[in-house]
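The values are calculated or read from the model by the stated rules, or taken from the named source; none is laboratory data. Everything numeric in this text was worked out from a predicted model, so none of it was measured. Note that each Cβ is placed from the backbone with ideal geometry, even for glycine, and that neighbours are counted across all protein chains shown.
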Amino acid sequence: MSFFLADAPPNAWAPVVLLIVIGILFVAGTLILSVVVGPRRTGPGKALTYESGMVPVGDARRRFNVRFYLMAMIFLVFDVEIVFFYPWATLFPAAVVDKASNAGTLLVEMVVFVVILLIAYIYAWAKGVFRWD
């Protein structure tokens, strides 16, 4: 079986192409609709940096504590790693039901992955990334 599925029927990619076309049409339609229907008001309030009704105080280039960035990076790491659970969660139940020889390997790989994440979490906790004092 080749990588490009040479023996696949000619319309095998039709759902993927349809999804891409629907996505492009949705984005284009939303942008065009916002221009056509959206409000066109201007004024001093619209010229402010923030439109929330609050007058900006201080310089926009104020320095932030590095803890904000560390917390954001930790969040991204633990948020993105969730994506790796989805393929495993779809393959593992079928491997268990079929009593496939790779079911044990899949389980061991996920346990190793979770242990590595747990070590990273404990390391971040020990370094004080989660403290706000």
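Figures for the structure shown
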quantity: Residue, farthest from A124 (Cα to Cα), within the stretch 22-72, restricted to residues that are small (G, A, S) and at pLDDT below 85; calculated: G43
quantity: Count of residues meeting criterion [of a type in the set (A, V, I, L, M, F, W, C) and more than 30 Å from W132 (Cβ to Cβ)] in the stretch 72-105; calculated: 10
quantity: Those residues of the stretch 76-121 which are over 23 Å from the mean Cα position of the chain (by Cα) and not small (G, A, S), in sequence order; calculated: P93, V96, V97, D98, K99, N102, T105, L106, L107, V108
quantity: Contacts under 8 angstrom Cβ, first residue in the stretch 92-111 being farther than 21 Å from I82 by Cβ, partner of a type outside the set (D, E, K, R) and surrounded by 14 or more Cβ atoms within 10 Å (Cβ to Cβ), 6 or more apart; calculated: V96/A103; N102/A95; A103/F92; A103/A95
quantity: Selection within the stretch 96-133 - surrounded by 10 or more Cβ atoms within 10 Å (Cβ to Cβ), in contact with a helix residue (DSSP H, G or I) (Cβ under 8 Å, 6 or more places away or on another chain) and under 21 Å from F68 (Cα atoms); calculated: L117, A120, Y121, A124, V129, F130
